[in-house]
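The values are calculated or read from the model by the stated rules, or taken from the named source; none is laboratory data. Since the model is a prediction, treat every value here as computed from it, not as a measurement. Cβ: placed from backbone, ideal geometry, glycine included. Neighbour counts: every protein chain shown.
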Amino acid sequence: MAKDKKINLRVSESDHQKIEAKARDLGISITDYCRDMIFDGQVIFINIEDKKTIKGIAGNLNQLSMKANYTSVIPKEVTEELQKILRILRHAYSQSN
């Protein structure tokens, strides 16, 4: 969806510094930080190691899901990969709070 509308928001200098610091700590722009906070009420940080792990698991899961679609059977490996992803996401979520 195109982001063609702009919203201006006035904040104090100290609030701006806090918002800027939180966005910087998460490695995202102030705009992305504010948008996430408006729509989701929170921003979840996933560290670089967890991101790499999730990316690797996603590749494995994609291969397994293609196999499942081909054979019409959900292999045990798919369930195991989904459980790994869930554990990583729960860990990342708990670290962000």
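Details
- Taking helices (runs of 4 or more DSSP H) as the structural unit, those lying wholly within the stretch 20-97 and holding at least 3 residues that are more than 30 Å from residue 10 (Cβ to Cβ) and over 13 Å from the mean Cα position of the chain (by Cα) correspond to 48-71, 76-96.
- For residue 29, the criteria (1) surrounded by fewer than 13 Cβ atoms within 10 Å (Cβ to Cβ); (2) assigned by TED's automatic domain parsing to the domain that holds residue 80; (3) of a type in the set (Ser, Thr, Tyr) hold in every case but one, which is (2).
- Of all residues in the stretch 44-95, those that are loosely packed, with under 13 Cβ neighbours inside 10 Å and of a type in the set (Ser, Thr, Tyr) total 5.
Condition check ((1) touching a residue at least 12 places away in the same chain (Cβ under 8 Å); (2) on the phi > 0 side of the Ramachandran plot) across all residues:
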site: 23; (1), (2): no, no
site: 38; (1), (2): no, no
site: 41; (1), (2): no, yes
site: 46; (1), (2): yes, no
site: 62; (1), (2): no, no
site: 73; (1), (2): no, no
site: 77; (1), (2): yes, no
site: 80; (1), (2): no, no
